[in-house]
Amino acid sequence: MEQPKIDRIIPPVTDGEFIGGDEEVEPEEWLTIGQMAKLLEKSYDWVEIRIKRHFLDYGEIRLNPRGKPLVHYPSLVYDALKIEKDGLKDYPVVHPEDISLDGMSLAIGKTERWIRARNPYLDITGTTKLNPINNRLFTYYSERDKELLLTEVERMNQYPVAGEDDSTVTGLARLMGHDAKWIHRRLAFVDIKPTIKLNPLNYQLALYYPTAETISQIENLPEQYPIAGDDDSTERGLARKSGKSLTWVQKRLAYTVITPTIKLTPENFQPRRYYPTAHTIEQMHAIPNKYPMADEDESTVTGLAKKMGHARNWVHRRLRYIVLVPSIKIHPRNHQPDLFYPTEQTIAMINLLPEHIEHFASYDDLPVEHPIRKHPIKRQPIEIRILNGIDSVTVDNWREFAECATTDPEIFLPEEGRSSRDAKKICGRCAARLFCLDYAVATKQEGIWGGTSDRERQAIRKGQT
């Protein structure tokens, strides 16, 4: 379509007077919204929406050839809209069988956020397509995606719906007039296991406790445990009284023979693990005399990782499959007790292992037991999946090996102010973590991906640029 000819330029209107002239100008110099709509073969609303969004300050009131004052825009606005129109041609047009996000929400009876949270875990691939009615881009889903989501809904419906006598941690905190952290700390000392149930309001899975029984046990905690005295200290108290860091204290407590006692803090009656102050500090300072000093030909796991040029987790994983017992010795640099391995022998045995171990292993199936610590850190048994051949994790199939596929997706979308520790623990044992992280950094996903938060991935992107 040829561009209409504007045979004269009209300066801006001033003081309500029409100032005209007979000077010939190029037709592309000033255009109204209607003229741009005809040239672009778009609706008037399509042009007006984009001008209000980006180019509102570019308009000037001028007279059209009929002498009517209208808002005109320079040709650069028309050029920008033409580029946007041409760019839309690269996207496919929506098919009648495609389902939009809000349409999918109505079809399965779930919120849009619920659907987005399950996109990566159910292998749902929404496609960006052009809506020809309003010429806007939207995400559309296929019938296959709908079937996967309906299957997920059926799976969730297998769980019972929470009743009036069930409460989450947040609900218990509201009923007892305390915050969730206060409740969490006490739940660690009660003999009640939560049950996975559906929230009747939003049908999301959550951990529920029997309300009356849980509140009764929490309120009876002061009767079960004594109040800590002046000669009792927590780990932080030991660090403060001994003038050492908390890490220093925790490291040495792992090698003492002192059992902590659960007592209540006098100030707020919080249950904590307390140690006898004087005896514990004496035991911690005596540890360097209890164990021998490490030699130069011995290394910790961190030292082995540095010498082999691998990550610490890489070495840890392979140490489970070699018949070699470490020794507790004192580090010559910081005089802290640690597990030491003979360097050359350990590296040689690790190098003999195949590159990929073809079976599953867990903490319960270690071929060799490490020296028993009196108070080891509690670890949940996890499965390490190291596969080879066709079944190995690749950039194309990493979603099949993702640990989050069998976990509630809401954990990986924590609300503002909520902890992401549980989600990152799951990511830490996932065989597809690195592929997941690369995908999230490239596509700017939200939530916890590859063991990182939004802010951490933003820092990664800044480092790449």
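The values are calculated or read from the model by the stated rules, or taken from the named source; none is laboratory data. Small disclaimer: the values here were computed from a predicted structure and weren't measured. Cβ coordinates were reconstructed from backbone atoms using ideal geometry, including for glycine residues, and neighbour counts include every protein chain displayed.
General observations
- Among residues of the stretch 150-170, those that are modelled with pLDDT of 85 or more and either farther than 30 Å from residue 122 by Cα or of a type in the set (A, V, I, L, M, F, W, C) (or both), counted: 6
- Note on the stretch 162-217: residues that are more than 24 Å from residue 417 (Cα to Cα) and small (Gly, Ala, Ser) amount to 4.
- Filter result (loosely packed, with under 12 Cβ neighbours inside 10 Å and part of a helix (DSSP H, G or I)) within the stretch 246-257: 247
- Flag for residue 197 being part of a strand (DSSP E or B) and within 29 Å of residue 408 (Cβ to Cβ): yes
- The residues of the stretch 258-279 that are assigned to a helix (DSSP H, G or I) and not small (Gly, Ala, Ser), listed by number, are 277, 279.
- Candidates 236, 240, 272, filtered to the one that is modelled with pLDDT of 85 or more and within 30 Å of residue 220 (Cβ to Cβ): 236
- Residue match in the stretch 127-135 (condition: under 27 Å from the mean Cα position of the chain (by Cα) and modelled with pLDDT of 75 or more): yes
- Unique residue being surrounded by 12 or more Cβ atoms within 10 Å (Cβ to Cβ), outside the structural domain of residue 239 (by TED's automatic domain parsing), touching a strand residue (DSSP E or B) at 6+ places or on another chain (Cβ under 8 Å) and closer than 20 Å to residue 247 by Cα when the list is 304, 339: 339
- Selection of the stretch 34-55 for residues being assigned to a helix (DSSP H, G or I) and within 14 Å of residue 80 (Cβ to Cβ) yields 36, 39, 40, 46, 47, 49, 50, 51, 52, 53, 54.
Residue-by-condition table, conditions (1) under 18 Å from residue 348 (Cα atoms); (2) of a type outside the set (Phe, Trp, Tyr); (3) surrounded by 15 or more Cβ atoms within 10 Å (Cβ to Cβ); (4) assigned by TED's automatic domain parsing to the domain that holds residue 330:
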| position | (1), (2), (3), (4) |
| --- | --- |
| 259 | no, yes, no, no |
| 272 | no, yes, yes, no |
| 298 | yes, yes, yes, yes |
| 309 | yes, yes, no, yes |
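- Counting only helices (runs of 4 or more DSSP H) that fall entirely inside the stretch 402-465 and contain at least 3 residues that are hydroxyl-bearing (Ser, Thr, Tyr) and either out of contact with any Cys (no Cβ under 9 Å at 6 or more places or on another chain) or outside the structural domain of residue 120 (by TED's automatic domain parsing) (or both), no element qualifies.
- Close pairs from the stretch 203-230: first within 14 Å of residue 183 (Cα to Cα), partner among the small types (Gly, Ala, Ser) and surrounded by 15 or more Cβ atoms within 10 Å (Cβ to Cβ), Cβ under 6 Å, at least 6 apart: 208/162; 209/167; 211/167
- Among the residues of the stretch 141-196, those that are acidic (Asp, Glu), more than 28 Å from residue 271 (Cα to Cα) and surrounded by 15 or more Cβ atoms within 10 Å (Cβ to Cβ) comprise 145, 152.
- Test result for residue 206, more than 30 Å from residue 164 (Cα to Cα) and outside the structural domain of residue 408 (by TED's automatic domain parsing): no
- Residues located in the stretch 297-327, provided they are assigned to a helix (DSSP H, G or I) and of a type outside the set (A, V, I, L, M, F, W, C): 302, 303, 306, 307, 312, 313, 316, 317, 318
- Screening residue 155 on (1) farther than 27 Å from residue 417 by Cα; (2) in contact with a strand residue (DSSP E or B) (Cβ under 8 Å, 6 or more places away or on another chain); (3) among the basic types (Lys, Arg) shows it passes everything except condition (2).
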